[in-house]
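Notes to accompany the following structure.
No value in this document is a laboratory result; all are computed from the given coordinates. On a predicted model such as this, the values are computed, not experimentally measured, just so you know. Note that each Cβ is placed from the backbone with ideal geometry, even for glycine, and that neighbours are counted across all protein chains shown.
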2 protein chains.
Amino acid sequence: MEKLSIVKIGGNIIEDEASLSAFLKLFSGLEGKKILVHGGGKRATHVASKLGIESKMINGRRITDAETLEVITMVYGGLVNKNIVAKLQALNTNAIGLTGADINSIKSDKRPVKEIDFGYVGDVKQVAHNAINKLIQANFTPVFCAITHDGNGQLLNTNADTITSQVAVGMSELYETSIYYCFELNGVLKDINDKNSVVKHIDSDTYKDLLEKGIIADGMLPKLENCFDALHNGVSKINMGNTSMLTQENDNFTTITL
Amino acid sequence: MEKLSIVKIGGNIIEDEASLSAFLKLFSGLEGKKILVHGGGKRATHVASKLGIESKMINGRRITDAETLEVITMVYGGLVNKNIVAKLQALNTNAIGLTGADINSIKSDKRPVKEIDFGYVGDVKQVAHNAINKLIQANFTPVFCAITHDGNGQLLNTNADTITSQVAVGMSELYETSIYYCFELNGVLKDINDKNSVVKHIDSDTYKDLLEKGIIADGMLPKLENCFDALHNGVSKINMGNTSMLTQENDNFTTITL
C-alpha cells in the first residue's frame, strides 16, 4: 500500500503568522501524498466578539449557535483555510481547501441534545474516502477545516482532532496512513514539568503501563484514547509532537502504534 | 465536444434565502457538466460595517484594502460559498467550493496602480483548465467565488463576471461551453422601461445595429463587450436573463452568439 500522511495543526500555529509560514514550509517539504487538517483557534472568538456575538460556554465547552456557526464558517472555512491554500500554492503544493460539505467528504450527525445543547456541532458519521482519493490521485493536497455537514444543507462545527482521526481511518482503506498531531509539547511527557522527557514510543502494552502510573492523565487521556481507537480501525502509526517532527532531523517526539 | 455550462449568479440572488434556494434547485436540475460562479453582494459590506471597517469608494468603485480583503475572504470564500456547497449537496449535486487559489485554478495579476489604487484586486491572467477538468471528470461540480490569487500567497478580490468569462474561455479548450449570466432583467431589453421587450438573439451583426441605435448603453455596454470577447475566444453561446432561463419552459431571454 502507498503511504499517506495526515497532518493536524492547532490554533497556536495558525494564530502566529511566522509559525504558520514556518510550518507550511515543513508541510510542503513532507514527501509523499498528504492531507492537512487545521483547527481554528481564537481568531473566530475574536471576530465573533468584534461582531458583538457573545461566546457561550457551558461547563467550559463552547456552544455553537447559528450566529457562532456563521462566524466559524467565515473564519475557518474562508479566512484561515483560503490563506493556507494560497500560501501552499506559493510553495508549489497544489492545495485544495475543503469543508466536509465539499465533495460530500465528511458527513456528520448533529450532536443530540442531552444535558447540554451544543448547537450546530457535528459528530462524524461517514468519510467519503473514494471521493477524497480522487483529489489525491489528481495530485491535489486536501486542506480540511473543522467544518462538516449533515447532508441536508446544514454545516456543522466539528472537532479538528476527530476529523483528523476519522479521515485517517477512512483513508486506511486505500493507504498505509500515518497521523501527525502537531501541538505545543514535544510529545507525550513522562514529567509534565520537563519538556524534554518525551516518551518516544507507545504501544498497547506501554499504554497500559503509562495509564497505571498516572503519566497519561487530564487532557492527554482523551487524545490517547482517540489515537488507539484510530489504530484499532486501520491507521498504521500516530506521531505527536511539535512541528519539527515533520523534518528528518528531529526524532524527539512520540510515536504510537498498536 | 461534450457540453459544459457555466452559470453566474449575482448578489441579488445570494442575499435572499428563498431566491437562492429556488435558484439552486434549478441549477441542480440543469443537465450535463456544469460550473457555478457567484458574486458576493452586499453581505460583505454589511459584515465589514459591523466590524467597523469603512467601505472605501473612489469614483463609485470599491477599494479593496487588506481589511476589506479579509472580509471578502470570510464572506465570499467562507460563508456564502460553503453554504451554497452544503445546499447543493442536499440536492444531490456533488459540489466543491473553490477560490482561484484552490488547485491553482485562477491566477491573477494585482491591478497596477494608475490614477486609482484599487488595492487587492486581481485581473485574471491564467485559468488552469486541465486542473479544473480533473474535478469535472470526477463528477464534482465546481462552485467558484470571486476570489483569485497571484501565485505568491496573495489572495485577490476579482470581478465575478470576469471569472465567469475567463473560466468559460479556458474550458473551451476541452468543452463546447455556454455561459448563463443570471441577473435581475429578463435579458437585453429593447426598451429599458418594458421588462418584456427582450432581444431574444444577438449576433455580431445585430450587435452593431443595437449599438448604433443606442439600445445597448450604460451598464450593458461593458457586459456585452465582455460577452463578444469570450465568444471570440472560444465560448460557443452566452445567455442572459433571469434564473428561469435554466428551465426548458422559458425562452424569454437573450442568447448571444458570434
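Observations on the structure shown:
- For chain A, the longest piece that avoids every one of the trypsin sites (Lys or Arg not before Pro) found in DSSP loops with at most 10 other C-beta atoms within 10 Å covers A:1-113.
- Counting DSSP beta bridges with both ends in the protein assembly as shown, the antiparallel % (nearest 5): 35
- Each of the GluC sites (Glu not before Pro) that DSSP puts in a loop and that has at most 14 other Cβ atoms within 10 Å breaks chain A; the longest unbroken stretch is A:185-248.
- For peptide B:64-77, the mean count of partner chain Cβ atoms within 10 Å of a residue's Cβ comes to 4.
- Comparing A:Ile13, A:Ile215, A:Ile96 in a Gaussian network model of chain A (Cα springs below 10 Å), the most mobile by mean-square fluctuation is A:Ile215.
- Gyration tensor verdict on segment A:3-182 (Cα atoms; rounded if a/c is under 1.5, prolate if a/b is larger than b/c, oblate otherwise): oblate
- Our summary gives chain B a relative contact order of 21 percent, counting only alpha carbon pairs under 8 angstrom and 6 or more residues apart.
- Taking the label point 7 Å along Cα→Cβ, B:Val113 and its counterparts in the other copies are spaced 5.4 nm apart, in ascending order.
- Long-range amide H partners of A:Lys125 with built H, under 5 Å: A:Lys107, A:Ser108, A:Asp109
- Label geometry 7 Å along the beta-carbon vector: B:His46 inter-copy distances in nm: 2.5
- For chain B, adding -39500 (n - 2.57) for each run of n ≥ 4 DSSP H residues and dividing by the number of residues yields -9500 deg cm²/dmol at 222 nm.
- Rg/Rh (Cα only; Kirkwood hydrodynamic radius) as it applies to segment A:92-204: 1.05
- Across the copies of the chain, A:Leu221 has label points (7 Å from Cα along Cα→Cβ) spaced 7.3 nm apart, shortest distance listed first.
- In the elastic network of chain B, a GNM with C-alpha springs shorter than 10 Å, the most mobile of B:Val121, B:Val47, B:Val167 is B:Val47.
- 10 Å binning of all Cα-Cα separations within segment B:134-193, expressed as whole percents from 0 upward: 16, 39, 31, 11, 3
- Of A:Lys87/B:Lys110; B:Lys87/B:Lys125; A:Lys25/A:Lys82; A:Lys8/A:Lys87, pairs whose Cα-Cα distance is over 20 Å: B:Lys87/B:Lys125
- Summarising the label geometry, the points placed 7 Å from Cα in the beta-carbon direction at A:Leu221 and B:Leu91 lie 4.8 nm from one another.
- Three-way shape call for segment B:185-258 based on the alpha-carbon gyration tensor, with the a/c threshold at 1.5: oblate
- Of all beta bridges that DSSP places with both ends in segment B:104-243, some 55 percent have antiparallel geometry.
- Chain B, closest residue to the rotation axis toward A, by beta-carbon, whole angstrom: B:Gly78, 1
- Net charge dipole size for segment B:177-239 [Lys, Arg +1 and Asp, Glu -1 on Cβ; Debye, nearest 20]: 180
- Part-to-part distance (alpha-carbon centres) for segment B:44-114 and segment A:24-90, which is given in Å: 16
- Lys pairs, segment B:185-258 - Cα-Cα below 19 angstrom, 8 or more residues apart or on other chains: 14
- DSSP-defined beta bridges in segment A:3-182 - what % are antiparallel, rounded to 5: 35
- When you work out D = kT/(6 pi eta Rh) for the protein assembly as shown at 4 °C and 1.567 mPa s, using the Kirkwood radius from C-alpha pairs as Rh and the Stokes-Einstein form, the result is 54 µm²/s.
- Long-range HN-HN contacts of B:Ile215 with modeled amide H, under 5 Å: none
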